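Student: Let me begin by handing over the structure; questions about it come next.
The values are calculated or read from the model by the stated rules, or taken from the named source; none is laboratory data. Everything numeric here is computed off the predicted structure, so don't read it as measured data. Cβ atoms come from the backbone with ideal geometry, glycine included; neighbour counts cover every protein chain shown. For accessibility, only protein heavy atoms count, side chains too; no ligands or nucleic acids. Shrake-Rupley method; radii C 1.70, N 1.55, O 1.52, S 1.80 Å.
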Amino acid sequence: MTCAIVTGGAGFIGSHLCEALLAQGYRVVCLDDLSTGLARNIAHLDGHPRFAFIRADVVCESAWTSLSAATRVFHLASPASPDDYQRTPVETIRTNVVGIFNALEFARTHTARLLLTSTSEVYGDPAVHPQPESYWGNVNPVGPRSCYDEGKRCAEALAMAHARQHGTAVRVARLFNTYGPRLRPDDGRVVSQFIVHALRGEPLPLYGNGSQTRSFCYVGDIVRGLLALMNQDRTTGPVNLGNPHEITIAALAHEVLRLTGTTAGLQVQPERTDDPRRRQPDIQLAQRLLQWRPEVGLQEGLGATIEWFRAHRAEEFPLQAEEVKQTDARGQLDGLPVP
Ligand code: NAD
Ligand code: UDP
């Protein structure tokens, strides 16, 4: 049976990816330290005969040596929300640099194919619009976002170096802003913040004047893109995955107010340091290489996300430690502590 490792599998995107891989018949090992993910995201997979969860830090070599062979490694482990990664910038760099190094060594040893989830943040505050993969970016290397931006840039460099030097089969996906069910309600990202505030009937916090733009892609589309990229047979350079529909943050706020029927309005707050002004993916490469394009529009995707937040009473989200049974790579219960 084909085995896929998903690091960061208890996170927002990773938990959807684990589900999709199980549906395709893979045996799935989720490796996650639950630093920004939640046990509840994968609780419904607990007990699945082809699913195993290992609570471990990807930085620790021992986490990798305890794993048995796999043919696919989806490497997602990394904080992704600016609030999350700026809270622990040193760990963010370490996770992105040492984590991918360990993942690549594992892939090389087991002749596995590795996919790295990089980010549109490698383009920084882009001077080219929309952003094609050929654009080298405009990143502040020492600002508060640099732990993530430079961490991911280094991760990309390591992946490409491994491919050149050792012939490791790597795929690099540059994800643009992704949203959907299982966003952590308190993660501070704009979609979760806006929906939680709207459901509480509180004004939506708008950082700056709201004229900055992003392009939001529904999580189901991203998971489809990740699988397509992993399955295509050539090692290529990075590939953008995102929805090219660009929107200002102020317009997004009004859309969330409208869809939730909230009249609380907006509360303007100071602009974030180094907040990129515009961001929109050029997805021509993904369209050509993968025959992939997003299918879920913003209104539909936001509607589904709001429904999920409502159904899970996300506005009352309690922050509490949760336990989930751990299994080792062979699916045995072992109660491993975080190495
Ligand atoms: P997330 O925070 O929900 O998930 C990340 C997961 O990684 C969490 O479950 C966390 O516990 C785990 N993790 C973090 N550090 C770890 C470590 N050292 N060892 C083991 N596990 C660790 O974030 P997400 O939005 O699901 O993002 C997943 C991936 O996609 C990340 O690599 C992120 O950089 C990338 N990405 C996401 C977006 C987006 O908009 N969601 C955009 C661009 C790139
Ligand atoms: N933002 C906002 N209010 C919030 C959270 C974010 O206005 O409560 C803005 C933020 O300043 C940025 C955009 O929304 O311009 C997207 O922020 P997010 O943290 O979701 O992701 P980023 O693309 O910045 O990594």
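Student: So, of the residues in region 273-290 that are in contact with a Leu (Cβ under 9 Å, 6 or more places away or on another chain) and assigned to a helix (DSSP H, G or I), which turns out to be most open to solvent (accessible area, probe 1.4 Å)? Show your work before the answer.
Tutor: Restricting attention to region 273-290, the residues satisfying the condition of being in contact with a Leu (Cβ under 9 Å, 6 or more places away or on another chain) are 281, 283, 286, 289-290.
With assigned to a helix (DSSP H, G or I) added as a condition, the list becomes 286, 289-290.
Working: A286: 0, L289: 36, L290: 19 Å².
Among them, the one singled out is L289.
Student: From the list V59, V73, which one is part of a loop (DSSP other than H, G, I, E, B) and more than 16 Å from ligand 2 (Cβ to nearest atom)?
Tutor: Numbers: V73 fails: part of a loop (DSSP other than H, G, I, E, B).
None of the other options fit; the residue is V59.
Student: Quick check on my filter: what residues within region 266-280 are closer than 18 Å to Y148 by Cβ and basic (K, R)?
Tutor: R272, R277, R279
Student: Still on this structure, please answer the following. Step by step: first the residues of region 233-247, then only those that are under 24 Å from W136 (Cβ atoms) and not in a loop (DSSP other than H, G, I, E, B), then the one that is most open to solvent (accessible area, probe 1.4 Å). Which residue is that? Walk me through it before giving the result.
Tutor: Applying the first criterion (under 24 Å from W136 (Cβ atoms)) to region 233-247 yields 234-244, 246.
Right, trim to not in a loop (DSSP other than H, G, I, E, B) and you get 239-241, 246.
Values: V239: 0, N240: 0, L241: 0, E246: 51 Å².
Out of the qualifying residues, it is E246.
Student: Among Q280, Q232, Q269, which is the only one that is among the polar types (S, T, N, Q) and within 16 Å of ligand 1 (Cβ to nearest atom)? Explain how you work it out, then say what you get.
Tutor: Values: Q232 fails: within 16 Å of ligand 1 (Cβ to nearest atom); Q269 fails: within 16 Å of ligand 1 (Cβ to nearest atom).
Exactly one of Q280, Q232, Q269 is among the polar types (S, T, N, Q) and within 16 Å of ligand 1 (Cβ to nearest atom), namely Q280.
Student: In addition: Would you say R94 is assigned to a helix (DSSP H, G or I), open to solvent by 10 Å² or more (accessible area, probe 1.4 Å) and over 18 Å from A4 (Cβ atoms)? Reasoning before the result, please.
Tutor: Working: assigned to a helix (DSSP H, G or I): yes; open to solvent by 10 Å² or more (accessible area, probe 1.4 Å): yes; over 18 Å from A4 (Cβ atoms): yes.
Yes, satisfied.
Condition check ((1) more than 11 Å from ligand 1 (Cβ to nearest atom); (2) closer than 30 Å to V256 by Cα; (3) touching a His at 6+ places or on another chain (Cβ under 7 Å); (4) of a type outside the set (A, V, I, L, M, F, W, C)) across all residues:
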{"residue": "S118", "(1), (2), (3), (4)": "no, yes, no, yes"}
{"residue": "V128", "(1), (2), (3), (4)": "yes, yes, no, no"}
{"residue": "R153", "(1), (2), (3), (4)": "yes, no, no, yes"}
{"residue": "A157", "(1), (2), (3), (4)": "yes, no, no, no"}
{"residue": "V170", "(1), (2), (3), (4)": "yes, no, yes, no"}
{"residue": "R184", "(1), (2), (3), (4)": "no, yes, no, yes"}
{"residue": "R189", "(1), (2), (3), (4)": "no, yes, no, yes"}
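Student: Take P89 and tell me if it is within 25 Å of R184 (Cα to Cα) and near ligand 1 (Cβ under 10 Å from one of its atoms). Show your work before the answer.
Tutor: Values: within 25 Å of R184 (Cα to Cα): yes; near ligand 1 (Cβ under 10 Å from one of its atoms): no.
Against the criterion (within 25 Å of R184 (Cα to Cα) and near ligand 1 (Cβ under 10 Å from one of its atoms)), P89 does not qualify.
Student: Oh, and also: Which helices (runs of 4 or more DSSP H) sit wholly inside region 116-232 and have at least 3 residues that are away from ligand 2 (no atom under 16 Å from the Cβ) and under 21 Å from the mean Cα position of the chain (by Cα)? Please lay out each step first, then the result.
Tutor: Details: elements: 146-166, 190-200, 219-231.
Answer list for region 116-232: 146-166, 219-231.
Student: What number of residues within region 7-21 are open to solvent by 10 Å² or more (accessible area, probe 1.4 Å) and over 14 Å from the mean Cα position of the chain (by Cα)?
Tutor: Going through region 7-21 one residue at a time, the tally reaches 2.
Student: Please identify the pairs in which a residue from region 217-240 that is over 22 Å from V122 (Cα atoms) has its Cβ atom under 8 Å from the Cβ atom of a residue that is within 16 Å of ligand 2 (Cβ to nearest atom) and open to solvent by less than 20 Å² (accessible area, probe 1.4 Å), counting only partners at least 6 apart or on another chain.
Tutor: Listed by first residue and then by second, the contacts come to G220/G180.
Yes or no, residue by residue, for (1) in contact with a His (Cβ under 7 Å, 6 or more places away or on another chain); (2) of a type in the set (A, V, I, L, M, F, W, C); (3) surrounded by fewer than 17 Cβ atoms within 10 Å (Cβ to Cβ); (4) within 17 Å of R153 (Cα to Cα):
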residue	(1), (2), (3), (4)
F51	no, yes, no, no
R55	no, no, no, no
H75	no, no, no, yes
A80	no, yes, no, yes
Y85	no, no, no, yes
T88	no, no, yes, no
L104	yes, yes, no, yes
L114	yes, yes, no, yes
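Okay, residues lined up against (1) at pLDDT 95 or above; (2) part of a strand (DSSP E or B); (3) in contact with a helix residue (DSSP H, G or I) (Cβ under 7 Å, 6 or more places away or on another chain); (4) under 21 Å from R87 (Cβ atoms):
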| position | (1), (2), (3), (4) |
| --- | --- |
| A10 | yes, no, yes, yes |
| A20 | yes, no, yes, no |
| V28 | yes, yes, yes, no |
| H48 | yes, no, yes, no |
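Student: Then there is this: With respect to the numbered conditions (1) surrounded by fewer than 15 Cβ atoms within 10 Å (Cβ to Cβ); (2) assigned to a helix (DSSP H, G or I); (3) not hydrophobic (A, V, I, L, M, F, W, C), which one is the sole condition not fulfilled by E295?
Tutor: All conditions are met except number (2).
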